[in-house]
Amino acid sequence: MYFTILLCDTKSDSITIPSSDKGPTTERFEKLLPLVFSPLAFFSVVINESNTTIKCDALHSLRANLVDPNNVLQSWDPTLVNPCTWFHVTCNNDNSVIRVDLGNADLSGQLVPQLGQLKNLQYLELYSNNITGPVPSDLGNLTNLVSLDLYLNSFIGPIPDSLGNLFKLRFLRLNNNSLTGPIPLSLTNITTLQVLDLSNNQLSGSVPDNGSFSLFTPISFANNLGLCGPVTSRPCPGSPPFSPPPPFIPPPTIPTPGGYSATGAIAGGVAAGAALLFAAPALAFAWWRRRKPQEFFFDVPAEEDPEVHLGQLKRFSLRELQVATDSFSNKNILGRGGFGKVYKGRLADGTLVAVKRLKEERTPGGELQFQTEVEMISMAVHRNLLRLRGFCMTPTERLLVYPYMANGSVASCLRGNLRILTV
């Protein structure tokens, strides 16, 4: 005997059989349905768990292959299946890894091919380290990659031809390594490429000048003695030499009569004197403004500043905090100290916050030090401590955002109690 399923209820995702067609064997078949279809649900769960495991395994393999003298990767715990809780790793709403930010972290070792399994990765930032070995060709599988920054390391070997598969790539910076071999022609097919830097390597061969490469200047290929082609001003072997530029011919001078020359000199002197007379107030005002200390703000879009993305903290834009504090108005100052000033602010949703604006000290490694400090502050959890709400970082600003406490600081309360005691 055989069965024909008469109706599939797509809304409830279940299979039903009209009661008029049921018999003893049909009832036995209905009892077997859960055993037939329940593995499908189990299979779906297994797929999701497998994807998470792949992400975790890929990043754990990277950690195992790197030397980390400053314990930057200390939070990369393989027992935590979800890597979205690790520092220097950013995920989207689907818990897919989209950023790995490990620039200027003093790491050494080699990259692993498992990085090519992070299919949703958009930013791979590993610049300014001591990483050696070849650039894995598996990075060509990261088809969603927007930025690949491997500059200021010690990579060797050729540039993988597979990088030409990264059709969403906008920033490719491989400068200041020891890469060898020719520039892959496949890179010219990346029409989205906006920034390219292959300088200070040991590349050789002809520099492509078609496709996206037609936009780049000699600075993108500088200090590669083996490269040749028009952009390098060095002809390739077997090609005709470049034609010399035409000689410079100065324009002929037209002699003027002496009378006109004297009149022109007088007119020029009068014009110069009048210009100086009108320019004097403007110069005086500029000199006064220069003596007066001012504060300047330069907001940088997050896309152009990919160095800092810390855990689950909210990253505020500088413009957002400017609006919240009325451009850091003195009337909103809550306190000040050796670290800088604290301003009262109101966010767009009406939430009151305290914005700590740190004094700028441009020291080597300052960005990494700021990242480390923010990470440590965000880990400090106590009922008597304010929990860090977020941060803002631009090339010229470092700001921390805390909840606003209407009763003031502990120091102000202590000073108030002392005044009461002394009365």
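At-a-glance table
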read-out	value
Scan of region 332-353 for residues that are touching a strand residue (DSSP E or B) at 6+ places or on another chain (Cβ under 9 Å) and more than 15 Å from Glu397 (Cα to Cα), ordered by number	Asn332, Ile333, Leu334, Gly335, Arg336, Lys344, Gly345, Arg346, Leu347, Thr351, Leu352, Val353
Region 167-183, residues that are within 18 Å of Tyr151 (Cα to Cα) and assigned to a loop (DSSP other than H, G, I, E, B)	Leu169, Arg170, Leu174, Asn175, Asn176, Asn177, Pro182, Ile183
In region 77-97, the residues that are closer than 9 Å to Cys56 by Cβ and at pLDDT below 80	Pro78, Leu80, Val81, Asn82
Meets criteria (more than 25 Å from Leu124 (Cα to Cα), open to solvent by less than 50 Å² (accessible area, probe 1.4 Å) and assigned to a loop (DSSP other than H, G, I, E, B)) for Cys228	no
Failed item in (1) in a loop (DSSP other than H, G, I, E, B); (2) surrounded by 17 or more Cβ atoms within 10 Å (Cβ to Cβ), with Asn95 passing the rest	(2)
All positions within region 79-103 that are of a type in the set (D, E, K, R) and within 12 Å of Tyr123 (Cβ to Cβ)	Arg99, Asp101
Condition check for Ser214: among the polar types (S, T, N, Q) and at pLDDT below 95	yes
Hey, Pro69 surrounded by fewer than 18 Cβ atoms within 10 Å (Cβ to Cβ), part of a loop (DSSP other than H, G, I, E, B) and at pLDDT 90 or above or not	yes
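Okay, residues lined up against (1) surrounded by fewer than 19 Cβ atoms within 10 Å (Cβ to Cβ); (2) modelled with pLDDT of 75 or more:
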site	(1), (2)
Leu352	yes, yes
Val381	yes, no
Leu388	no, yes
Ser412	yes, no
Asn417	yes, no
Leu421	yes, no
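The values are calculated or read from the model by the stated rules, or taken from the named source; none is laboratory data. Since the structure is predicted, the reported quantities are computational estimates derived from the model, not experimental observations. Positions of Cβ are backbone-derived with ideal geometry, glycine not excepted, and every protein chain shown enters the neighbour counts. Side chains included, ligands, DNA and RNA excluded: accessible areas come from the protein's heavy atoms. Shrake-Rupley method; radii C 1.70, N 1.55, O 1.52, S 1.80 Å.
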